[in-house]
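Chemist: This structure is in structure tokens; I'll ask about it shortly.
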Amino acid sequence: MNILIGALAITLLLIVALIAGLTGAMSSGQDAPPAACAPLGRPVADIPVNYLSLYQQAAAKYGVPWEVLAAVGKAESDHGRSRLPGIRSGENHAGAGGPMQFLSATWQSFGVDGDQDGRKDRYNPADAIPAAARYLKHNGAPKKLRTAIFRYNHSHDYVTKVLAKANAYAKAPGAAALPAACTAPALPPNAVAAKVVAYAHAQLGKPYVWGAEGPNAFDCSGLTFAAYRSAGVTIPRVSGDQWKQTPHVRKGQEQPGDLVFFNSGPGTSPDNPGHVGLVIAPGKMIAAPHRGTVVQIQSYNRRTLLGFSRPGPHG
């Protein structure tokens, strides 16, 4: 009996130690962004960074594997790089247009305003890629993937080609899809915040350019300025003025849609932050960091964190 009790005690101690180890591992990394949330910095296989980001965002929203969307994009337009008729303007001989090659009638039914600019443009990959995901899902993806792809382009050879390319993309180095926490924001508290966060998500993968405020590139405050502008709210253009002229929020009370400021960058100070991002979830923000990077999801828990603000409807 003593031996049995001793064995049970040792087992219990091992379980406690295991739980403590797991807890410690989780808490010790809570301030660091997951590795897959880091900037991609390079394409996967032959997929451009901005297209890869759009494929992953659409996959997270519609539940269609990103590699399948990428394979469709490859087959239809070489990820927008093809010079054939109908890719950038007009239509091909079959009446299809845009990087995902939508017929006009199909676009009317399934077109998406992916970048929240008020237009559904089948020639804009930020609209066309989520529309393709929406159409595939409507036709049975991901459960009936072959059927959905066949209905996208009525050819069994096309289905075989797309699935083979999707399999190759899934196995390519660095091809792991972004985890859900990196692609889907927490529930915004109101309609304005929802529009702001949706706009910021639609810009993921676009390059940082100093002084830019869209639609093709952004700097840090240009992104937050454009995101609020998309929701009909005017805020100052630069980070220092955004900090000074919007109501501050205590740490721990921040919500999706709030601005998050950092005492970093040229000429920065506690009264004049040089960097700003947009809160999308606890500990997470979308930001345009600096030259050589793209709009991306990052952790905002860092030593240079200055504080938060919440622009109002008339901010």
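The values are calculated or read from the model by the stated rules, or taken from the named source; none is laboratory data. Not measured: the values here are computed from a predicted model. Methodologically, a virtual Cβ is constructed for each residue, glycine included, from the backbone with ideal geometry; neighbour enumeration extends over all protein chains shown. Heavy atoms of the whole protein, side chains included, go into the accessibility calculation; ligands, DNA and RNA do not. Shrake-Rupley method; radii C 1.70, N 1.55, O 1.52, S 1.80 Å.
Chemist: Could you work out Rg/(2.2 N^0.38 Å) for the stretch 212-310, with Rg from alpha carbons only?
Modeler: 0.95
Chemist: Ignoring ligands, DNA and RNA, what accessible area per residue does the stretch 180-315 give at 1.4 Å, in Å²?
Modeler: About 43 Å² of surface per residue is accessible.
Chemist: Using the Karplus curve 6.51 cos²θ - 1.76 cosθ + 1.60 with θ = phi - 60°, work out ³J(HN,Hα) for each residue of the stretch 156-173 in order, rounded to whole Hz, and write x for Gly and Pro.
Modeler: Result, rounded to whole Hz: 5, 5, 4, 4, 4, 5, 5, 5, 5, 5, 4, 5, 5, 4, 4, 9, 5, x.
Chemist: Provide the convex hull volume over Cα atoms per residue for the stretch 35-153, in Å³.
Modeler: With only Cα atoms used, the stretch 35-153 gives 107 Å³ per residue.
Chemist: A follow-up question, please. Quick one: compute the contact order of the stretch 101-162, relative version, from alpha carbon pairs under 8 angstrom and 6+ residues apart, as a percent.
Modeler: 20 percent
Chemist: Evaluate the relative contact order of the stretch 73-140 (contact order divided by residue number), counting alpha-carbon pairs under 8 angstrom at least 6 apart; express in whole percent.
Modeler: Reported as a whole number, the value is 24 percent.
Chemist: As a quick test, which of the pairs Lys61/Lys244; Lys120/Lys244; Lys161/Lys284; Lys137/Lys165; Lys144/Lys284 have an alpha carbon distance above 30 angstrom in this structure?
Modeler: Listed pairs above 30 Å: Lys61/Lys244; Lys120/Lys244; Lys161/Lys284; Lys144/Lys284.
Chemist: Stokes-Einstein D for the stretch 113-174 at 10 °C, 1.306 mPa s, Kirkwood Rh over Cα pairs, in µm²/s?
Modeler: D = 124 µm²/s.
Chemist: Same structure, new question: Tell me which aspartates and glutamates have Cα within less than 13 Å of Lys195's Cα, excluding those fewer than 8 residues away on the same chain?
Modeler: The qualifying aspartates and glutamates are Asp113, Asp115, Asp117, Asp258.
Chemist: Sorted by mean Cβ packing within 10 Å, highest first, what order do the peptides 301-307, 223-229, 133-139 take?
Modeler: So the peptides 301-307, 223-229, 133-139, ranked by packing, come out 223-229, 133-139, 301-307.
Chemist: Amide H to amide H, which residues 5 or more places from Gly307 or on other chains are under 5 Å from it, using H placed in the peptide plane?
Modeler: Sorted by chain and number, the residues that satisfy this are Phe261.
Chemist: Turning to a different aspect of this structure: Arrange the peptides 99-108, 78-87, 57-66 so that the one whose residues have, on average, the most other Cβ atoms within 10 Å appears first.
Modeler: Per-residue mean Cβ counts within 10 Å order the peptides as 57-66, 99-108, 78-87.
Chemist: Given a 1.4 Å probe and every protein chain left where it sits, what share in percent of the accessible area of the stretch 184-315 is carbon and sulfur?
Modeler: Summing carbon and sulfur atoms, their accessible area is 55 percent of the total for the stretch 184-315.
Chemist: May I pose another question? Gain in length, Ala191 to Asp271, computed as 0.36 nm per residue apart minus the alpha-carbon separation, to one decimal in nm?
Modeler: Extra length available between Ala191 and Asp271 comes to 25.8 nm.
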